[in-house]
Amino acid sequence: MDWHTLSTEKVLEKLNVNPKKGLNNDEVKKRQLIYGKNALPEEKRKSFGAKLMEQISDFMVIILISAAGISFFTSFLSGKSDYIDTIIILAIVIINSTIGILQETKAEKEIDSLKHLSTSLTKVIRNSEVKKIPTEDIVPGDILSLSTGNIVCADARIIKSSNLAVEESAITGESFATEKNESKIYDLNTPLADRKNMLYTGSIIDRGRALAVAVETGAKTETGKVQAFVNSGKPKQTPLQIKLSHTSKIIGIIIMIISIIVFFLGAMQKVNLMEMFMISISLAVAAIPEGLPAVVTIVLANGVRRMAKNNTIVRKLPAVETLGHATVICSDKTGTLTMNKMLVTEIRSTFNKENLNSHFAKKILKLGVLCNNSSPTRNHGEISAQGEPTENALLIAGEKSGIHKKDLEKIFPRISEIPFDSKRKMMTTLHKTSENNIKIISKGAPDIILEKCSYYIENEKIKPLSQKIIQKINFQIDDMASKSLRTLAFAFKNEKNAPENSKIEKNLIFCGVIGIIDPPRPEANYAVNTCKSAGIRTIMITGDHKNTAQAIAEQVGISSPDSKVITGPEINKMSDKILKNKVKNCHVFARISPEHKVRIIKALQANGEIVAMTGDGVNDAPALKAADIGCAMGKSGTDAAKSASDIILADDNFTSVVETIRQGRGMYDNIKKTIHFLLSTNIGEAVVVLLGFLLRLPSPLLAIHLLWINLVTDAFPALALGMDPIDKNIMKRFPNDPKKSLFSNGLGYNIIIEGCFIASVGLLAFSIGRVFFDSDPFNPIIGRTMSFVTLGLSQLIQTFNVQSRKSLFITGFFSNLKLVYSVVLCMFLQIIVITLPMFTAFFKVSPLSNLQWAIVWILALFPLIISETEKFFKKKHDFYILFIL
């Protein structure tokens, strides 16, 4: 329907809704059944069967299945009816594939759960009440209440607006905000970009306010028609996952080369070609870490859910990786470092501090109540307010002084408004007086308001404002700011008629300044000190007065009394090169605009810093995007800020930023542990088979042994390792260097050496069993059994080895119960296959004697003993070299 050509009355009539009452609950339920959720359909997910086919269609698995098929027909044609190898290998391939599917499905579910964590809310009128509801619950006919920073959640027709401008670049391609109003458009063929009375899904309210009625939702919106915002069923890989996929491919090539070498070595030693083919392919399937990216996805997603419990909602998975590298946190002051519980404590005229109950104080408070968008409420008789915290403080102070907004608005009804935004740093309202004159009231930053004033009031007399008087006013403001008070200046003027827009905020009469206390959060000082210990610099960036910013910064430990504060006007005079040098030592920036924030972030990044940035306003979106980690405020943040961010802080608390970085470092550590474990154990499997043939020994392991070890060790222990508790001293370490390889700081060296240790004990177990216990050295069933069990157990014990840089006797064996349970379960399965007769024939193994078990356990524990000894000496490279020699 061409909603833009209809009058507001006709639109409301067609949608059968009263704009003052909105829809009732029964009507909403009916419309939800008709129109469904206000969401675009997602790409259809792969079925279990499709995922299974994807797993089985892997090149290596196809070769293995083909080999099993050849083995089956060979046995069938020979009349031996020995199909055990074929059945076991196929069973293990299916189980392995199923685990791969379950991991993929779990990763998908974890990613889906992240979407629900960051569900957006929209303010609507329903049942005659203004309330916030999930965006997906919007239906056609809902009355939307929109203000600066809100993202439009449905196609809507404007009913009423005030100074409205909307940024529609995502829909129309226009880079500048478009003026909007409720006027009817008569041309049916008006282009989308010129429909000034319509709002479209995905656009952002740049300034002003609007009341609009939703006309289309979900896939029927203009955005839905072109599928511009359709969510992909398959999430993009993070940089770390891409690196790991690349690493897995390289390792895969190396393992393939080893498998080919093993095949030809076996053939040269006249081992049965079919048996060698099965061993080589099984080695490749078992040793290639193809499941590594999926395991990492699950670890990341699990960590993100843990963060959500700590008031941090991660919107973009790559941010989790970046968190561990953060070197600077740029934080806003209000509500992040402070409690955001505003209270009016001082009122000053041009020259004096006024009593809060004086006639003059009440006069300023009246201006503060009229030039105000908050609404007064009462809970159990206690006065409170709904709206922006600063305006709430003014409204509550007025209510306590007997100044009631409803009564004042009857005398001075508002006729227009110029909204506050972070660029202008002021707000103006126009009111009609009883004499039909126009009263103009402005409030905002004192320096901005003073620029608009030509007069001031003293003893009810209006006098010209001179530079000398301005200096005296600034002295009052500086004094208030030094007490950590947030300062708001008020001015007014009376006109017979509404002036032109360009003259509304000119020649105002300065009235006075209100001081509002916003005390620092008690935990902020501890959080700042934690950052210092972690090698992270905290920088305060605020629009507040220089002295207020400095006072709060000193209280929370960001700066000292002699620290330099840089202001926005000073930044305007600096080149990028000068600013790059200045940001190295400055911890407080005051009187900052959104444009300044972007310059500060880029200057820090030019110095090699990894920057986390907090923001809440619509104009903070560029800075949040420019930062390496954009953190939007959950309570006070606009939809635009949240949309531009990587992370949302549900409680607007600086401590949550610090906790998020701690969690990010912990996740990065756990991912490295998982990589350490999987690669070292996979190398162990490859090396033991390769060495066996290089030494011209019978194969230490058969195909089913390799596949079983891979099945037991690569699934549950690796996932459990990714859930390891965070190191208590993690915030006493300096940030990870993102330029360094994942295998830096000796990790790659450790993986190779530990893999070789695991291989050596497996080969040693095979040699002991073959030489001392097997009756036929060319069919070493005891040797293979001992090698099979030793390799499996040593790989499981390896999880404890990689768990921490510290000794197990310090961290404790039970610090991660999930890991303990998974290792015990897998050990139980490993032991069962060589003790129960029903399995021994399948796996071509033999039950072990007590002496053989003793040897197996000693050898399986040997890599852990070596590692513990190395940790004790804490000289890894020297110790390994000494041991090898």
Among 271, 606, 827 - extreme Cα towards positive end, dipole of the chain, charges at beta-carbon: 606
For 456, 186, what's the largest-to-smallest order of accessible area, 1.4 Å probe? 186, 456
If amide H atoms are built 1.01 Å from N in the plane of the peptide, which residues on other chains or at least 5 residues away come under 5 Å of the amide H of residue 312? 650
How high is the FRET efficiency between residue 83 and residue 500 when r is their beta carbon distance and R₀ equals 56 Å, given to the nearest 0.05? 0.05
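Rounded if a/c is under 1.5, else prolate if a/b is larger than b/c, else oblate: which is the range 354-426, with a ≥ b ≥ c the root eigenvalues of its Cα gyration tensor?
It is rounded, given that a/c, with a ≥ b ≥ c, falls under 1.5.
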DSSP beta bridges in the chain [antiparallel fraction, %, rounded to 5]: 75
Keeping the other protein chains in place, figure out the carbon and sulfur percent of the accessible area of the chain, with a 1.4 Å probe. 59
Give me the number: length gained by fully extending residue 407 to residue 854, i.e. 0.36 nm times residue separation minus the C-alpha to C-alpha distance, one decimal in nm. 151.9 nm
Using mean Cβ contacts within 10 Å as the protection proxy, how do 773-783, 385-395, 542-552 order, highest first? 542-552, 385-395, 773-783
Residue 447 accessible area, nearest 10 Å², 1.4 Å probe? 60
Residue-normalised value, i.e. accessible area per residue, for the range 600-672 at 1.4 Å probe, in Å², stands at 24
Taking 60 Å as R0, compute the FRET efficiency from the Cβ-Cβ separation of residue 814 and residue 575 and round it to 0.05. 0.55
For a 32 Å ceiling on Cα separation, which of these pairs sit above it: 131/180; 20/220; 196/580; 10/410; 532/672? 196/580
Sequence ranges 840-853, 499-512, ranked by mean other-Cβ count within 10 angstrom, highest first: 499-512, 840-853
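In percent, what relative contact order does the range 630-670 have, based on Cα pairs under 8 Å that are 6 or more apart in sequence?
Taking the mean separation of contacting Cα pairs over the length of the range 630-670, I get 35 percent.
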A 23 angstrom limit on the alpha carbon distance is what I want to check against. Which of 309/871; 160/452; 582/635; 21/132 exceed it? 309/871; 160/452; 582/635
Heavy-atom accessible area of residue 209, protein chains in place, probe 1.4 angstrom, given in Å² to nearest 10, is 90
Can you divide the C-alpha Rg of the chain by 2.2 N^0.38 Å and report the result to two decimal places? 1.20
Which angle from 0 to 90°, rounded to the nearest 10, does the C-alpha axis of helix 239-268 make with the longest principal axis of the chain? 10
Considering the options 745, 704, 677, tell which one lies farthest towards the positive end of the dipole of the range 606-748, charges being +1 on Lys and Arg and -1 on Asp and Glu at the Cβ, about the Cα centre. 704
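At a 10 angstrom cut-off on C-beta neighbours, averaged per residue, how do the peptides 198-207, 28-37, 14-23 rank from highest to lowest?
Output ranking for 198-207, 28-37, 14-23: 198-207, 14-23, 28-37.
Rounded to the nearest 20 Debye, what is the dipole magnitude of the chain about its Cα centre when Lys and Arg each give +1 and Asp and Glu each give -1 at the C-beta?
For the chain, the charge dipole is close to 2040 debye.
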In order over the range 528-540: 3J(HN,Hα) from phi, Karplus 6.51/-1.76/1.60, θ = phi - 60°, whole Hz, x for each Gly or Pro, gives 5, 5, 4, 4, 4, 5, 8, x, 10, 8, 9, 10, 8
Rg/Rh of the range 261-377 (Cα atoms, Kirkwood Rh), to two decimals, equals 1.53
Per residue accessible area in Å² of the range 804-864, where ligands, DNA and RNA are left out and the probe is 1.4 Å: 57
Karplus 3J(HN,Hα) series, Hz, for the range 13-30 with 6.51 cos²θ - 1.76 cosθ + 1.60 (x for Gly, Pro): 5, 5, 8, 6, 9, 8, x, 7, 9, x, 7, 8, 4, 5, 5, 4, 4, 4
Helix 546-556 versus the longest principal axis of the chain: what is the Cα-based angle in degrees, 0 to 90, to the nearest 10? 40
Per-residue [θ]222 nm for the chain (sum of -39500 (n - 2.57) over DSSP H runs n ≥ 4, rounded to 500): -15500 deg cm²/dmol
Helix axis angle, 654-694 relative to the chain longest principal axis, alpha carbon, degrees: 20
Whenever you get a sec, line up 194, 332, 652, 479 from highest to lowest accessible area (probe 1.4 Å, protein heavy atoms). 194, 479, 332, 652
How big, on average over all directions, is the shadow cast by the Cα convex hull of the range 399-544, in nm²? 11.9
Residue-normalised accessible area of the range 245-313, given per residue in Å² at a 1.4 Å probe: 42
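The values are calculated or read from the model by the stated rules, or taken from the named source; none is laboratory data. What you see is a predicted model, and the numbers here were worked out from it, not measured in a lab. Glycine also receives a Cβ, built like all others from the backbone with ideal geometry; neighbour counts cover every protein chain displayed. For the accessible areas, the whole protein counts, side chains as well, though only heavy atoms, and no ligand, DNA or RNA atoms are used. Shrake-Rupley method; radii C 1.70, N 1.55, O 1.52, S 1.80 Å.
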